[in-house]
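Let me begin by presenting the structure, written as structure tokens, before commenting on it.
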């Protein structure tokens, strides 16, 4: 099983690992700082190198229990090779900013408008999230949300992650008003949850990557929205740099 280094350090840009498996277009490592596609967040990309040989990694996915690092290049490594990984840091950091912003956007809409987040896609430049019950998202509401969410960013809240036993995590998140019914659908074999805590404003179970303080996010800009089902609106948003 690949050790996921980003679970404890979202700011790790480079790492060393040992190749465990090589296939036609992917590698499996003993440990990685690359985030794999999932949880509504794009996977990381970057490179793996050994001595004077390097190859690009364009996507990382979990397939059949393996964390597979996919490449379009010929793979020069074999099982047992020591490699050095380097993330495309600009891409990763943008995902961190957008993912943290999405949590606070969702929390704001939950607290002020009693809306539930039912989906999201985090990627640089523009991300989206789906909310219900909502039949329209007019310009006046967009401006209110921008102002309210940007005021939260400006509070410079610390962002922390903690590993908690399952029962403790569910109890903690219930107290903070999180949608814990999603946690209860997780198989009983999962005995520990990674909990994201954003100051005194938000808490959620999340394995994604995030900034350390909301001052790093910048400012949210709400773009277009569209109906994606009965009582469901998809909201697109971008970020201005801090």
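I'd like the orientation of helix 139-153 relative to the chain: the angle between its Cα long axis and the longest Cα principal axis, in ° from 0 to 90, rounded to 10.
The two axes meet at around 60 degrees.
Where a ≥ b ≥ c are the square roots of the eigenvalues of the C-alpha gyration tensor, would you call the range 201-242 rounded, which needs a/c under 1.5, or, failing that, prolate if a/b is larger than b/c, or oblate?
Note, shape of the range 201-242 comes out oblate.
Once you sort the root eigenvalues of the Cα gyration tensor of the range 51-147 as a ≥ b ≥ c, which label holds: rounded (a/c under 1.5), prolate (a/b larger than b/c) or oblate (the other case)?
Since a/c reaches 1.5 and a/b is larger than b/c, the shape of the range 51-147 is classed as prolate.
Given springs between every Cα pair under 10 Å in a Gaussian network model of the chain, which of 180, 53, 132 has the largest fluctuation?
Among 180, 53, 132, the largest GNM mean-square fluctuation belongs to 53.
Which of rounded, prolate or oblate describes the range 134-242 when judged by the alpha-carbon gyration tensor and an a/c cut-off of 1.5?
Cα axes put the range 134-242 in the oblate bin.
Taking the structure as given and computing volume of the Cα convex hull per residue in Å³, which label from (i) 149; (ii) 124; (iii) 132 fits?
(iii)
Which percent, to the nearest 5, of DSSP beta bridges fully inside the chain are antiparallel?
About 95 percent, rounded to the nearest 5.
Relative to the longest principal Cα axis of the chain, at what angle does helix 166-175 sit, 0 to 90 degrees, rounded to 10?
Rounded to the nearest ten degrees, it is 30.
Rounded to the nearest 500, what is the chain's calculated 222 nm mean residue ellipticity when only DSSP H runs of at least 4 contribute -39500 (n - 2.57) each, over all residues?
One gets -7000 deg cm²/dmol as the mean residue ellipticity at 222 nm.
For the chain, find the longest principal axis of its Cα atoms and tell me its angle to the long axis of helix 89-113, 0 to 90°, nearest 10.
The angle comes out near 30 degrees.
Say we join alpha carbon atoms closer than 10 Å with springs in a Gaussian network model of the chain; which of 37, 141, 87 then has the biggest fluctuation?
Maximum fluctuation in the GNM of the chain, among the listed residues, is at 141.
Coordinate-derived values only; no laboratory data. All of these numbers come straight from a predicted model, not from anything done at the bench.
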